[in-house]
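A quick write-up on the structure given underneath.
The values are calculated or read from the model by the stated rules, or taken from the named source; none is laboratory data. Only a predicted model underlies this, so the values are computations on that prediction, with no experimental measurement involved. Using ideal geometry, Cβ is built from the backbone for each residue, glycine included, and neighbour counts are taken over all protein chains shown.
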Amino acid sequence: MLFKETRRKKALKAVDNERFIRYYALPEVKSLGFLFNINDENILDTIKRLIEIIDSRSIKFSAIAINDSKHPYPKEYLDHRIIIFNRNDINSIGIPKSNFLEEFSEHNFNLYIDFSSSYNFTCNYISHRSKASFKVGRLHYQNSPFDLILDNIKEESSRGFLNSIIHYLSSIKSI
């Protein structure tokens, strides 16, 4: 286990964190990247609602769903724009093996949201790799990649997290 943790720390240090940080108010967001663990409670309802909001505002998006269960998740149950990383798509230390990760992380999204409700190295790694201008997460941990962390939400559900993001991005004006 110590060897695995050492390799994970080394992988995170190798990530290029150079990016231009800029806050975007909700009406200004033109592109969005988001990440979620498909096994989190009620997450699929939240993601469905998010996609409705995104589509109504003509925001382009790209998304990754992490499935850390032993059984592959059927892709036909999700929106075709969401890529699923099943357990066999992730190497032994938790880094996805897909070429899509490279494309996703190099895209300069206006906004990036990590919906993970508990720490997961794979989600942390992807969040660190993202070159998005503004990153939002719901977990605070050492060396967190997020510009805004909403960890004290009354409703600790993913829907409460989404509602908080919409509230903050709607109420704060960008410079």
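Descriptive notes on the structure:
- Some residue of region 19-31 being among the hydrophobic types (A, V, I, L, M, F, W, C), surrounded by 15 or more Cβ atoms within 10 Å (Cβ to Cβ) and under 25 Å from Ile90 (Cβ atoms): no
- In region 32-63, residue surrounded by the most Cβ atoms within 10 Å (Cβ to Cβ) [restricted to those that are within 23 Å of Asn88 (Cβ to Cβ) and touching a Gly at 6+ places or on another chain (Cβ under 8 Å)]: Ala63
- Looking at region 89-175, the helices (runs of 4 or more DSSP H) lying wholly inside it that each contain 1 or more residues that are within 28 Å of Tyr73 (Cα to Cα), in contact (Cβ under 8 Å) with a residue 12 or more places away in the chain and basic (Lys, Arg) sit at 121-129, 158-171.
- Selected residue (only one of Ile47, Ile53, Ile66, Ile21 is within 18 Å of Tyr119 (Cα to Cα) and either of a type in the set (A, V, I, L, M, F, W, C) or in contact with a Pro (Cβ under 7 Å, 6 or more places away or on another chain) (or both)): Ile66
- Residue in region 76-86 that is of a type outside the set (Val, Ile, Thr), at pLDDT 90 or above and closer than 20 Å to Arg8 by Cα present: yes
- Positions within region 31-83 being without any contact (Cβ under 8 Å) to a residue 40 or more places away in the chain, part of a loop (DSSP other than H, G, I, E, B) and of a type in the set (D, E, K, R), in sequence order: Arg57, Lys70, Asp79, Arg81
- Flag for Ser98 being at pLDDT 90 or above, among the hydroxyl-bearing types (Ser, Thr, Tyr), surrounded by 13 or more Cβ atoms within 10 Å (Cβ to Cβ) and within 17 Å of the chain's Cα centre (by Cα): no
- Within region 12-44, being at pLDDT 90 or above, within 16 Å of Tyr125 (Cα to Cα) and of a type in the set (S, T, N, Q) holds for one residue alone: Asn37.
- Looking only at residues of region 64-92 that are within 17 Å of Asn120 (Cα to Cα) and among the hydrophobic types (A, V, I, L, M, F, W, C), we find that the one that is surrounded by the fewest Cβ atoms within 10 Å (Cβ to Cβ) is Ile84.
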